[in-house]
1. Could you grab me the full set of residues in the stretch 312-330 that are within 14 Å of the ligand (Cβ to nearest atom) and touching a helix residue (DSSP H, G or I) at 6+ places or on another chain (Cβ under 6 Å)?
2. List pairs: first residue in the stretch 4-31 and at positive phi, second residue exposed (fewer than 13 other Cβ atoms within 10 Å of the Cβ) and modelled with pLDDT of 95 or more anywhere in the structure, Cβ distance under 9 angstrom, at least six positions apart or on different chains.
3. Looking only at the stretch 127-164, filter to residues that are part of a loop (DSSP other than H, G, I, E, B) and open to solvent by 20 Å² or more (accessible area, probe 1.4 Å); which one of those is farthest from the ligand (Cβ to nearest atom)?
4. Determine whether the stretch 297-314 contains at least one residue that is touching a residue at least 12 places away in the same chain (Cβ under 8 Å), of a type in the set (Phe, Trp, Tyr) and either touching a Phe, Trp or Tyr at 6+ places or on another chain (Cβ under 6 Å) or under 18 Å from Ser68 (Cα atoms) (or both).
5. Given Val294, Val261, which one is surrounded by 21 or more Cβ atoms within 10 Å (Cβ to Cβ), assigned to a loop (DSSP other than H, G, I, E, B) and touching a helix residue (DSSP H, G or I) at 6+ places or on another chain (Cβ under 6 Å)?
6. Is it the case that Gln174 is open to solvent by 30 Å² or more (accessible area, probe 1.4 Å), modelled with pLDDT of 95 or more and in contact with a strand residue (DSSP E or B) (Cβ under 8 Å, 6 or more places away or on another chain)?
7. Of (1) over 29 Å from Trp98 (Cα atoms); (2) part of a helix (DSSP H, G or I); (3) outside the structural domain of Leu165 (by TED's automatic domain parsing), Leu253 satisfies all except one. Which?
8. How many residues are among the small types (Gly, Ala, Ser) and crowded, with 20+ Cβ neighbours inside 10 Å when one looks only at the stretch 79-126?
Amino acid sequence: MAATVNRQWRLNGFTGFDSLVLKENRIPEIGDSDVLVRWKYASLNYRDLVVSKGTYPLGALDGIVVGSDAAGEVVKIGSQVRLFEPGDRVTGIHLQTWQEGTLKAEDIGNATGGKLDGVLQEYGVVPESGLVKIPDTLDLQQGSTLTIAAITAWDSLVGLPSKRLEAGQWVLTQGSGGVSVFAIQFAKAMGAHVIATSSSQAKMDRLMELGADYVINYKEVPEWGAEAKRIANGAGVDHVIEVGGPGTLRQSLNAIKIQGVISLVGFMAVSENSNEPKLLEVLYYGCIARGVLVSSKQEFQKMNAFIDANNIKPVIDEKVFDFADVPAAYQYMWDQKHFGKLTIKIASK
Ligand SMILES: NC(=O)c1ccc[n+]([C@@H]2O[C@H](COP(=O)([O-])OP(=O)(O)OC[C@H]3O[C@@H](n4cnc5c(N)ncnc54)[C@H](OP(=O)(O)O)[C@@H]3O)[C@@H](O)[C@H]2O)c1
(Lines give C-alpha, C1' and ligand atoms only; values in the text may rest on other atoms or scores of the structure.)
Protein backbone atom coordinates (compact mmCIF):
# COMPACT_ATOMS: atom_id res chain seq x y z
CA MET A 1 0.00 0.00 0.00
CA ALA A 2 1.86 3.06 -1.24
CA ALA A 3 -0.47 5.80 -0.01
CA THR A 4 0.10 7.27 3.43
CA VAL A 5 -2.26 10.25 3.27
CA ASN A 6 -5.91 9.86 4.15
CA ARG A 7 -8.30 12.54 2.91
CA GLN A 8 -11.26 12.94 5.23
CA TRP A 9 -14.40 15.08 5.39
CA ARG A 10 -14.67 16.33 8.95
CA LEU A 11 -17.13 18.55 10.78
CA ASN A 12 -15.91 21.93 11.88
CA GLY A 13 -18.86 23.31 13.81
CA PHE A 14 -22.54 22.83 13.14
CA THR A 15 -23.36 25.61 10.70
CA GLY A 16 -24.64 23.40 7.89
CA PHE A 17 -22.86 22.21 4.79
CA ASP A 18 -20.17 24.88 5.05
CA SER A 19 -19.02 23.19 8.25
CA LEU A 20 -17.76 20.24 6.17
CA VAL A 21 -14.02 20.54 5.68
CA LEU A 22 -11.64 18.32 3.72
CA LYS A 23 -8.59 17.43 5.80
CA GLU A 24 -5.51 15.31 5.20
CA ASN A 25 -4.26 13.00 7.91
CA ARG A 26 -1.98 10.01 8.05
CA ILE A 27 -3.52 6.58 7.55
CA PRO A 28 -3.81 5.29 11.11
CA GLU A 29 -2.16 2.16 12.48
CA ILE A 30 -4.45 -0.79 13.13
CA GLY A 31 -4.84 -2.64 16.42
CA ASP A 32 -4.87 -6.42 16.76
CA SER A 33 -8.65 -6.69 16.24
CA ASP A 34 -8.94 -3.95 13.61
CA VAL A 35 -9.37 -3.94 9.88
CA LEU A 36 -8.05 -1.25 7.55
CA VAL A 37 -10.62 -0.60 4.84
CA ARG A 38 -10.16 1.43 1.69
CA TRP A 39 -13.58 2.98 1.16
CA LYS A 40 -14.61 3.14 -2.51
CA TYR A 41 -18.18 4.46 -2.48
CA ALA A 42 -20.33 6.17 0.14
CA SER A 43 -23.99 7.11 0.20
CA LEU A 44 -25.72 9.88 2.10
CA ASN A 45 -28.57 9.75 4.57
CA TYR A 46 -30.88 12.51 5.76
CA ARG A 47 -29.23 12.24 9.16
CA ASP A 48 -25.88 13.32 7.69
CA LEU A 49 -27.49 16.57 6.58
CA VAL A 50 -28.97 17.37 9.97
CA VAL A 51 -25.81 16.30 11.80
CA SER A 52 -23.99 19.12 9.98
CA LYS A 53 -26.75 21.55 10.97
CA GLY A 54 -26.55 20.55 14.64
CA THR A 55 -30.18 19.41 14.73
CA TYR A 56 -29.75 15.64 14.74
CA PRO A 57 -31.79 14.48 17.76
CA LEU A 58 -29.24 11.91 18.95
CA GLY A 59 -26.34 14.35 18.82
CA ALA A 60 -22.92 14.29 17.19
CA LEU A 61 -19.43 15.37 18.13
CA ASP A 62 -17.70 18.31 16.50
CA GLY A 63 -14.62 17.32 14.54
CA ILE A 64 -15.74 13.81 13.61
CA VAL A 65 -15.32 12.26 10.18
CA VAL A 66 -18.85 12.47 8.74
CA GLY A 67 -20.97 9.86 6.96
CA SER A 68 -22.18 6.39 7.89
CA ASP A 69 -22.66 4.40 4.70
CA ALA A 70 -19.74 3.22 2.60
CA ALA A 71 -18.40 0.10 0.98
CA GLY A 72 -14.81 -0.76 0.28
CA GLU A 73 -12.11 -3.37 0.29
CA VAL A 74 -10.10 -4.74 3.17
CA VAL A 75 -6.48 -3.66 2.84
CA LYS A 76 -4.91 -4.99 6.02
CA ILE A 77 -6.01 -6.97 9.09
CA GLY A 78 -4.80 -7.09 12.69
CA SER A 79 -3.20 -10.23 14.12
CA GLN A 80 -6.38 -11.32 15.94
CA VAL A 81 -8.81 -10.76 13.04
CA ARG A 82 -10.55 -13.98 11.99
CA LEU A 83 -13.59 -12.90 9.98
CA PHE A 84 -11.97 -10.95 7.14
CA GLU A 85 -8.99 -11.06 4.87
CA PRO A 86 -7.46 -8.57 2.44
CA GLY A 87 -9.61 -8.11 -0.63
CA ASP A 88 -12.93 -8.78 1.14
CA ARG A 89 -15.72 -6.37 0.17
CA VAL A 90 -17.20 -4.86 3.31
CA THR A 91 -19.43 -2.19 4.79
CA GLY A 92 -19.84 -0.94 8.36
CA ILE A 93 -22.68 -1.31 10.82
CA HIS A 94 -24.05 2.00 12.07
CA LEU A 95 -24.33 1.30 15.82
CA GLN A 96 -20.95 -0.36 16.11
CA THR A 97 -21.59 -2.30 19.31
CA TRP A 98 -25.08 -3.64 18.49
CA GLN A 99 -24.16 -7.14 17.43
CA GLU A 100 -27.41 -9.05 18.04
CA GLY A 101 -30.55 -9.18 20.15
CA THR A 102 -32.03 -6.15 21.85
CA LEU A 103 -30.62 -2.65 21.53
CA LYS A 104 -28.83 -1.46 24.67
CA ALA A 105 -28.64 2.16 25.83
CA GLU A 106 -24.88 2.30 25.33
CA ASP A 107 -25.18 1.15 21.69
CA ILE A 108 -26.97 4.37 20.77
CA GLY A 109 -23.86 6.43 21.48
CA ASN A 110 -21.67 4.24 19.30
CA ALA A 111 -22.94 5.60 15.99
CA THR A 112 -20.59 6.18 13.08
CA GLY A 113 -20.71 9.70 11.70
CA GLY A 114 -22.22 10.79 15.02
CA LYS A 115 -20.12 10.17 18.09
CA LEU A 116 -17.66 7.87 16.29
CA ASP A 117 -15.71 8.74 13.18
CA GLY A 118 -17.61 7.95 10.01
CA VAL A 119 -16.81 6.84 6.50
CA LEU A 120 -16.40 9.89 4.27
CA GLN A 121 -12.68 9.25 4.15
CA GLU A 122 -10.37 7.25 1.90
CA TYR A 123 -9.26 4.78 4.58
CA GLY A 124 -10.95 3.74 7.80
CA VAL A 125 -9.86 1.61 10.73
CA VAL A 126 -12.81 -0.43 11.98
CA PRO A 127 -12.94 -3.18 14.62
CA GLU A 128 -13.76 -6.45 12.85
CA SER A 129 -16.95 -6.66 14.93
CA GLY A 130 -18.17 -3.46 13.25
CA LEU A 131 -18.06 -4.76 9.68
CA VAL A 132 -20.14 -7.08 7.49
CA LYS A 133 -19.43 -8.41 4.01
CA ILE A 134 -21.63 -6.84 1.35
CA PRO A 135 -24.01 -9.16 -0.54
CA ASP A 136 -22.26 -11.19 -3.28
CA THR A 137 -24.74 -9.96 -5.88
CA LEU A 138 -23.99 -6.26 -5.32
CA ASP A 139 -21.13 -4.11 -6.51
CA LEU A 140 -19.39 -1.65 -4.19
CA GLN A 141 -21.57 1.29 -5.18
CA GLN A 142 -24.71 -0.72 -4.41
CA GLY A 143 -23.10 -2.08 -1.26
CA SER A 144 -22.57 1.46 0.01
CA THR A 145 -26.32 2.04 0.44
CA LEU A 146 -27.21 -0.53 3.08
CA THR A 147 -25.90 0.59 6.48
CA ILE A 148 -28.76 2.89 7.44
CA ALA A 149 -31.61 3.12 4.94
CA ALA A 150 -31.86 -0.54 3.96
CA ILE A 151 -31.54 -2.01 7.44
CA THR A 152 -34.07 0.49 8.79
CA ALA A 153 -36.59 -0.49 6.13
CA TRP A 154 -35.85 -4.15 6.88
CA ASP A 155 -36.28 -3.81 10.64
CA SER A 156 -39.49 -1.82 10.18
CA LEU A 157 -41.01 -4.71 8.24
CA VAL A 158 -39.68 -7.73 10.13
CA GLY A 159 -38.13 -6.47 13.37
CA LEU A 160 -41.12 -7.01 15.64
CA PRO A 161 -41.40 -10.82 15.81
CA SER A 162 -45.16 -11.00 16.36
CA LYS A 163 -45.80 -8.55 13.54
CA ARG A 164 -43.43 -9.62 10.79
CA LEU A 165 -44.78 -8.62 7.40
CA GLU A 166 -46.65 -11.46 5.71
CA ALA A 167 -47.51 -12.05 2.07
CA GLY A 168 -50.79 -10.40 1.13
CA GLN A 169 -50.56 -7.69 3.80
CA TRP A 170 -50.52 -3.96 3.05
CA VAL A 171 -47.60 -1.56 3.50
CA LEU A 172 -47.70 2.24 3.26
CA THR A 173 -44.47 4.12 2.46
CA GLN A 174 -43.83 7.86 2.26
CA GLY A 175 -41.85 9.58 -0.50
CA SER A 176 -39.04 8.32 -2.70
CA GLY A 177 -36.02 8.61 -0.39
CA GLY A 178 -33.62 5.91 0.69
CA VAL A 179 -35.62 4.21 3.45
CA SER A 180 -38.92 4.27 1.57
CA VAL A 181 -37.57 2.84 -1.68
CA PHE A 182 -35.89 -0.05 0.15
CA ALA A 183 -39.14 -0.63 2.04
CA ILE A 184 -41.02 -0.91 -1.26
CA GLN A 185 -38.48 -3.38 -2.66
CA PHE A 186 -38.42 -5.56 0.46
CA ALA A 187 -42.20 -5.49 0.90
CA LYS A 188 -42.81 -6.51 -2.71
CA ALA A 189 -40.24 -9.32 -2.42
CA MET A 190 -42.14 -10.53 0.67
CA GLY A 191 -45.38 -10.65 -1.31
CA ALA A 192 -47.08 -7.61 0.23
CA HIS A 193 -49.20 -4.92 -1.44
CA VAL A 194 -47.57 -1.49 -1.37
CA ILE A 195 -49.14 1.94 -1.32
CA ALA A 196 -46.51 4.65 -1.74
CA THR A 197 -46.74 8.44 -1.65
CA SER A 198 -44.70 11.03 -3.50
CA SER A 199 -44.82 14.70 -4.46
CA SER A 200 -44.26 14.60 -8.22
CA GLN A 201 -45.65 12.65 -11.15
CA ALA A 202 -42.16 11.72 -12.39
CA LYS A 203 -41.25 10.14 -9.06
CA MET A 204 -44.69 8.50 -8.78
CA ASP A 205 -44.10 6.84 -12.15
CA ARG A 206 -40.74 5.53 -11.01
CA LEU A 207 -42.22 4.14 -7.79
CA MET A 208 -44.81 2.26 -9.87
CA GLU A 209 -42.01 0.87 -12.05
CA LEU A 210 -40.34 -0.37 -8.86
CA GLY A 211 -43.43 -2.34 -7.98
CA ALA A 212 -45.61 -0.05 -5.86
CA ASP A 213 -49.22 -1.10 -6.45
CA TYR A 214 -50.65 2.38 -5.81
CA VAL A 215 -49.00 5.79 -5.50
CA ILE A 216 -50.74 8.82 -4.00
CA ASN A 217 -49.54 12.39 -4.55
CA TYR A 218 -49.36 13.64 -0.95
CA LYS A 219 -49.39 17.25 -2.09
CA GLU A 220 -52.53 16.91 -4.20
CA VAL A 221 -54.31 14.56 -1.78
CA PRO A 222 -53.80 16.01 1.72
CA GLU A 223 -56.01 13.29 3.23
CA TRP A 224 -53.79 10.54 1.82
CA GLY A 225 -54.15 8.50 4.98
CA ALA A 226 -57.87 7.99 4.43
CA GLU A 227 -57.21 7.29 0.76
CA ALA A 228 -54.66 4.60 1.65
CA LYS A 229 -57.14 3.03 4.07
CA ARG A 230 -59.81 2.99 1.35
CA ILE A 231 -57.39 1.31 -1.07
CA ALA A 232 -56.45 -1.30 1.56
CA ASN A 233 -59.97 -2.73 1.41
CA GLY A 234 -61.27 -0.13 3.86
CA ALA A 235 -59.62 -1.92 6.78
CA GLY A 236 -56.34 -0.03 6.58
CA VAL A 237 -52.72 -0.97 6.11
CA ASP A 238 -50.76 -3.46 8.23
CA HIS A 239 -47.52 -1.47 8.27
CA VAL A 240 -46.62 2.19 7.86
CA ILE A 241 -42.98 3.20 7.46
CA GLU A 242 -43.23 6.63 9.04
CA VAL A 243 -40.37 8.78 7.74
CA GLY A 244 -42.15 12.11 7.98
CA GLY A 245 -42.88 12.22 11.68
CA PRO A 246 -44.77 15.21 13.12
CA GLY A 247 -46.21 16.37 9.78
CA THR A 248 -47.33 12.98 8.50
CA LEU A 249 -48.26 10.94 11.56
CA ARG A 250 -51.90 12.11 11.52
CA GLN A 251 -52.28 10.62 8.05
CA SER A 252 -50.50 7.44 9.09
CA LEU A 253 -52.96 7.00 11.96
CA ASN A 254 -55.81 7.51 9.50
CA ALA A 255 -54.33 4.78 7.28
CA ILE A 256 -53.41 2.13 9.86
CA LYS A 257 -55.40 -1.02 10.49
CA ILE A 258 -56.38 -1.96 14.01
CA GLN A 259 -53.36 -3.79 15.46
CA GLY A 260 -51.26 -2.57 12.54
CA VAL A 261 -47.71 -1.28 13.15
CA ILE A 262 -46.48 2.25 12.55
CA SER A 263 -42.68 2.16 12.50
CA LEU A 264 -41.50 5.57 13.70
CA VAL A 265 -38.37 6.11 11.68
CA GLY A 266 -37.93 9.74 10.70
CA PHE A 267 -38.70 13.35 11.28
CA MET A 268 -38.60 15.03 7.86
CA ALA A 269 -42.02 16.64 7.78
CA VAL A 270 -42.76 19.57 10.07
CA SER A 271 -46.25 19.84 11.48
CA GLU A 272 -48.08 22.79 9.94
CA ASN A 273 -51.03 22.88 12.30
CA SER A 274 -51.93 22.15 15.87
CA ASN A 275 -53.38 18.77 14.90
CA GLU A 276 -50.08 17.01 15.65
CA PRO A 277 -50.93 13.59 17.14
CA LYS A 278 -50.16 12.77 20.73
CA LEU A 279 -48.75 9.40 21.73
CA LEU A 280 -51.94 8.45 23.59
CA GLU A 281 -53.83 8.45 20.28
CA VAL A 282 -52.20 5.11 19.51
CA LEU A 283 -54.73 3.82 22.05
CA TYR A 284 -57.70 5.33 20.18
CA TYR A 285 -56.54 3.81 16.89
CA GLY A 286 -55.78 0.43 18.50
CA CYS A 287 -52.44 0.28 16.69
CA ILE A 288 -48.80 -0.30 17.62
CA ALA A 289 -46.25 2.51 17.27
CA ARG A 290 -42.67 1.37 17.42
CA GLY A 291 -39.45 3.38 17.32
CA VAL A 292 -36.85 1.91 14.97
CA LEU A 293 -33.13 2.65 15.25
CA VAL A 294 -31.45 0.83 12.37
CA SER A 295 -30.85 -2.75 13.58
CA SER A 296 -28.20 -5.17 14.79
CA LYS A 297 -25.32 -6.75 12.86
CA GLN A 298 -27.14 -10.06 12.99
CA GLU A 299 -30.18 -8.55 11.24
CA PHE A 300 -27.86 -6.84 8.73
CA GLN A 301 -26.48 -10.26 7.77
CA LYS A 302 -29.99 -11.70 7.43
CA MET A 303 -30.98 -8.76 5.24
CA ASN A 304 -27.92 -9.25 3.04
CA ALA A 305 -28.87 -12.91 2.52
CA PHE A 306 -32.39 -11.80 1.58
CA ILE A 307 -30.96 -9.27 -0.90
CA ASP A 308 -28.89 -12.00 -2.54
CA ALA A 309 -31.71 -14.56 -2.56
CA ASN A 310 -34.22 -12.13 -4.05
CA ASN A 311 -31.80 -10.40 -6.43
CA ILE A 312 -32.68 -6.99 -5.01
CA LYS A 313 -30.66 -4.12 -6.47
CA PRO A 314 -30.52 -0.89 -4.47
CA VAL A 315 -32.01 2.03 -6.37
CA ILE A 316 -29.31 4.66 -6.85
CA ASP A 317 -29.76 8.17 -8.18
CA GLU A 318 -28.08 8.57 -11.57
CA LYS A 319 -26.15 11.59 -10.30
CA VAL A 320 -22.97 10.40 -8.57
CA PHE A 321 -20.82 12.97 -6.80
CA ASP A 322 -17.02 13.04 -6.66
CA PHE A 323 -15.30 12.88 -3.30
CA ALA A 324 -14.18 16.51 -3.71
CA ASP A 325 -17.82 17.62 -4.03
CA VAL A 326 -19.32 16.27 -0.81
CA PRO A 327 -20.93 19.61 0.24
CA ALA A 328 -22.66 19.81 -3.16
CA ALA A 329 -23.98 16.28 -2.65
CA TYR A 330 -25.42 17.31 0.73
CA GLN A 331 -27.16 20.27 -0.95
CA TYR A 332 -28.55 18.10 -3.78
CA MET A 333 -30.05 15.76 -1.20
CA TRP A 334 -31.36 18.60 0.94
CA ASP A 335 -33.16 19.92 -2.17
CA GLN A 336 -34.75 16.45 -2.52
CA LYS A 337 -33.54 16.15 -6.10
CA HIS A 338 -32.53 12.54 -5.54
CA PHE A 339 -34.48 9.32 -6.00
CA GLY A 340 -33.52 6.39 -3.78
CA LYS A 341 -29.92 6.59 -2.61
CA LEU A 342 -27.40 9.30 -3.45
CA THR A 343 -23.84 8.04 -3.79
CA ILE A 344 -20.34 9.53 -3.69
CA LYS A 345 -17.37 7.98 -5.46
CA ILE A 346 -14.46 8.00 -3.03
CA ALA A 347 -11.84 6.13 -5.04
CA SER A 348 -11.63 5.58 -8.77
CA LYS A 349 -9.67 2.31 -8.55
N1 LIG B 1 -34.53 5.63 12.86
C2 LIG B 1 -33.58 5.23 12.03
O3 LIG B 1 -32.82 4.31 12.30
C4 LIG B 1 -33.47 5.93 10.71
C5 LIG B 1 -32.74 5.33 9.68
C6 LIG B 1 -32.75 5.95 8.43
C7 LIG B 1 -33.44 7.14 8.25
N8 LIG B 1 -34.09 7.70 9.29
C9 LIG B 1 -34.86 8.93 9.11
O10 LIG B 1 -35.87 8.65 8.12
C11 LIG B 1 -36.11 9.81 7.35
C12 LIG B 1 -35.88 9.46 5.89
O13 LIG B 1 -34.50 9.22 5.68
P14 LIG B 1 -33.91 9.01 4.20
O15 LIG B 1 -32.43 8.93 4.36
O16 LIG B 1 -34.67 7.93 3.52
O17 LIG B 1 -34.29 10.42 3.56
P18 LIG B 1 -34.24 10.94 2.10
O19 LIG B 1 -33.64 9.95 1.17
O20 LIG B 1 -33.62 12.30 2.16
O21 LIG B 1 -35.79 11.11 1.75
C22 LIG B 1 -36.18 12.21 0.99
C23 LIG B 1 -37.59 12.02 0.48
O24 LIG B 1 -38.53 12.00 1.55
C25 LIG B 1 -39.78 12.39 1.02
N26 LIG B 1 -40.47 13.32 1.90
C27 LIG B 1 -40.03 14.48 2.42
N28 LIG B 1 -41.02 15.09 3.11
C29 LIG B 1 -42.10 14.28 3.00
C30 LIG B 1 -43.44 14.35 3.44
N31 LIG B 1 -43.88 15.39 4.14
N32 LIG B 1 -44.27 13.34 3.14
C33 LIG B 1 -43.84 12.27 2.42
N34 LIG B 1 -42.60 12.16 1.95
C35 LIG B 1 -41.75 13.15 2.24
C36 LIG B 1 -39.53 13.06 -0.32
O37 LIG B 1 -40.05 12.18 -1.34
P38 LIG B 1 -40.70 12.74 -2.70
O39 LIG B 1 -39.61 13.59 -3.31
O40 LIG B 1 -41.00 11.51 -3.45
O41 LIG B 1 -41.89 13.54 -2.33
C42 LIG B 1 -38.02 13.18 -0.37
O43 LIG B 1 -37.49 13.09 -1.67
C44 LIG B 1 -35.19 10.88 7.91
O45 LIG B 1 -35.88 11.63 8.89
C46 LIG B 1 -34.08 10.08 8.57
O47 LIG B 1 -33.40 10.79 9.58
C48 LIG B 1 -34.12 7.12 10.51
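The values are calculated or read from the model by the stated rules, or taken from the named source; none is laboratory data. What you see is a predicted model; the values in this text were computed from it and never measured. Methodologically, a virtual Cβ is constructed for each residue, glycine included, from the backbone with ideal geometry; neighbour enumeration extends over all protein chains shown. With ligands, DNA and RNA removed, areas are computed over all heavy atoms of the protein, side chains included. Shrake-Rupley method; radii C 1.70, N 1.55, O 1.52, S 1.80 Å.
1. Step one: of the stretch 312-330, the residues within 14 Å of the ligand (Cβ to nearest atom) are 314-317, 319, 329-330.
Residues satisfying the conditions are Pro314, Val315, Tyr330.
2. Gly13/Asp62
3. Our first condition is that a residue be part of a loop (DSSP other than H, G, I, E, B); within the stretch 127-164, this holds for 134-139, 144-145, 159-160, 164.
From what is left, the residues that are open to solvent by 20 Å² or more (accessible area, probe 1.4 Å) are 136-137, 139, 159-160, 164.
On the way: Asp136: 24, Thr137: 22, Asp139: 20, Gly159: 11, Leu160: 14, Arg164: 18 Å.
In this case the residue turns out to be Asp136.
4. yes
5. Details: Val261 fails: assigned to a loop (DSSP other than H, G, I, E, B).
Every option except Val294 fails the conditions.
6. Details: open to solvent by 30 Å² or more (accessible area, probe 1.4 Å): no; modelled with pLDDT of 95 or more: yes; in contact with a strand residue (DSSP E or B) (Cβ under 8 Å, 6 or more places away or on another chain): yes.
So Gln174 fails the test.
7. (3)
8. Step one: of the stretch 79-126, the residues among the small types (Gly, Ala, Ser) are 79, 87, 92, 101, 105, 109, 111, 113-114, 118, 124.
Checking which are crowded, with 20+ Cβ neighbours inside 10 Å leaves us with 92, 111, 113-114, 118, 124.
Count: 6.
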